[in-house]
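Enquirer: For reference, the structure I am asking about is given below.
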Amino acid sequence: MTYSKKPAIIPVAGGKGGIGKSIIAANIAVTLASQGHEVVAMDLDLGASNLHAIFGIRNSEKNIMNFATSHDLNLEDMVLPTKYSGTRIICGAANIAGAADISASQKLRIIHSIETLQCDYIILDLGAGSSFNVTDFFLTGEQGVIVIVPEITSLMDAYSFLKTTLYRRLQMEWQHDPDIRNLVEQFKNPKNEMHMQTTEDLLRAVRRVNEQTEQQMRLQLQGYGVKVVVNKVRQKKDFQVVRTIQQLALKNLNLSVYNAGYVPYDPTVEHSVNQMVPFVQAFPQSAATYQMGQLAKSLTATPAA
Ligand SMILES: Nc1ncnc2c1ncn2[C@@H]1O[C@H](COP(=O)(O)OP(=O)(O)O)[C@@H](O)[C@H]1O
Ligand SMILES: [Mg+2]
């Protein structure tokens, strides 16, 4: 089958390690494939690749680092089948020390190739942290997914990830306008001379340069929504973390955060990791699998506006 339509890219990030980004990315992929879509799950956690293990396959010479460092390979050549119909995978770096430090040109080579994959959905499993390597992969998707767990450290990391992606987006968007670019550059520094702390402060400074630009930036910000998924939910009060990040993002960053769903804390998820089978396949009746179905629905619905 050849595809005339561009695939939809769903990046999965979170700022923090060990919160379930890879598990969720893998299970979103298998869930969407079970609904009849062609899906490629791509391991872009170049420092700690483990997506292949969740699918029970060995890391291979066909991997993203070999692609990034080559000049003649196509990304499609790196795609491997999995046992699950409709789900294919691109492995991360095969335990190469320092693989997380890819060069800017290698990163661009990957980013420019993602959309060439022949499929309906591409799920990006991203690394921890808020480095530009992670944020730039995140920004390849129309609306990325941020995973959080109900812990203050996860909330803080998710918030700083949001802030860095916002800064990065504005920086790219306004790179050809020296005045605005300069303001965005200052805004990035929390100790900036103009005392810009919130996005509203930045907008006020932009307004002093050009009122129209301010309006334009406000419109852009409205389109920058991200989706959040809470993982490892054990009790009702764990959902509070969603409200908190929504309020922080709106108040300080002028960003809307949409609640895309949750995954309960479920011991079958851990068992599935040890069995090297995605949990939606290993435990189709589990609470986690049910919620993954709900999550897939909300991710494939038209982007929240
Ligand atoms: N919903 C869950 N319930 C129980 N354990 C979970 C759940 N989600 C993740 N885990 C556990 O957390 C571990 C880390 O998940 P992983 O996806 O590798 O994190 P990350 O990619 O964010 O570093 C998994 O190996 C699994 O044991
Ligand atoms: Mg991971």
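Please treat every number below as a calculation from the coordinates, not as lab data. Everything quoted here is computed from the prediction, not taken from an experiment. Counting neighbours? That spans all protein chains shown, and the Cβs are built from the backbone with ideal geometry, glycine included.
Enquirer: In whole percent, what relative contact order does the chain give with Cα contacts below 8 Å and a gap of six or more residues?
Expert: Once normalised by length, the contact order is 21 percent.
Enquirer: In nm, to one decimal, how far is the PHE239 label point from the MET194 one, both placed 7 Å along Cα→Cβ?
Expert: About 4.0 nm separates the two model spin labels.
Enquirer: With Cβ to Cβ distances under 15 Å as the rule, what net charge do the other residues near PRO7 carry (K, R +1; D, E -1)? Could you put the intermediate results ahead of the total?
Expert: Working: positive: LYS5, LYS6, ARG88; negative: GLU38, GLU76, GLU115, ASP120, GLU142.
Around PRO7, the charge tally is -2.
Enquirer: Got a sec? Charge dipole of the stretch 150-305, +1 on Cβ for Lys and Arg, -1 for Asp and Glu; which of SER272, PHE283, MET194 is way out at the positive end?
Expert: The residue sitting most towards the positive pole is PHE283.
Enquirer: While we're looking at this one, here's another question. How much net charge surrounds ILE28 when only other residues with a Cβ under 12 Å from its Cβ are counted (Lys, Arg +1; Asp, Glu -1)?
Expert: Details: positive: LYS21, LYS227, LYS297; negative: ASP125.
Cβ neighbours under 12 Å give a net charge of +2.
Enquirer: While we're on this one: Enumerate the lysines that LYS5 could reach by cross-link, defined here as Cα to Cα under 28 Å, with residues fewer than 8 away along the same chain left out.
Expert: The qualifying lysines are LYS21, LYS62, LYS83, LYS107, LYS227, LYS297.
Enquirer: Where does each of 219-228, 158-167 land if you order them by average Cβ count within 10 Å, highest first?
Expert: So the peptides 219-228, 158-167, ranked by packing, come out 158-167, 219-228.
Enquirer: Something else now. Could I have the simple spin-label model distance between GLN186 and SER298, label points 7 Å from Cα toward Cβ, reported in nm to one decimal?
Expert: A separation of 3.9 nm, rounded to one decimal place.
Enquirer: Summing Lys, Arg as +1 and Asp, Glu as -1, what charge do residues with Cβ under 11 Å from the Cβ of MET78 carry, MET78 excluded?
Expert: Spelling it out: positives minus negatives among the neighbours equals -2.
Enquirer: Shape verdict for the stretch 164-221, please, from the Cα gyration tensor: rounded (a/c under 1.5), prolate (a/b greater than b/c) or oblate.
Expert: rounded
Enquirer: Right, next: Go ahead and run the numbers for FRET between GLN175 and ARG208, Cβ-Cβ distance against an R0 of 30 Å, rounding to 0.05.
Expert: Working: r = 20 Å, r/R0 = 0.68.
Computed FRET efficiency for GLN175 and ARG208 comes out at 0.90.
Enquirer: Round to the nearest 0.05 the FRET efficiency obtained for ALA48 and ASN274 when R0 = 22 Å and r is the Cβ-Cβ distance.
Expert: For R0 = 22 Å, the calculated efficiency reads 0.75.
Enquirer: Any chance you could tell me what percent of the C-alpha pair distances in the stretch 1-123 go past 25 Å?
Expert: 17 percent
Enquirer: Quick check for me: using +1 on Lys/Arg Cβ and -1 on Asp/Glu Cβ, what's the dipole size of the chain about its Cα centre, in debye to the nearest 20?
Expert: Dipole size: approximately 720 debye.
Enquirer: Here's something else I'd like to know. Roughly how many whole Å is it from the C-alpha centroid of the stretch 127-166 to that of the stretch 257-305?
Expert: That distance is 19 Å.
Enquirer: Just the Cα atoms of the chain: what Rg and Dmax do they give in Å?
Expert: 19.4, 59
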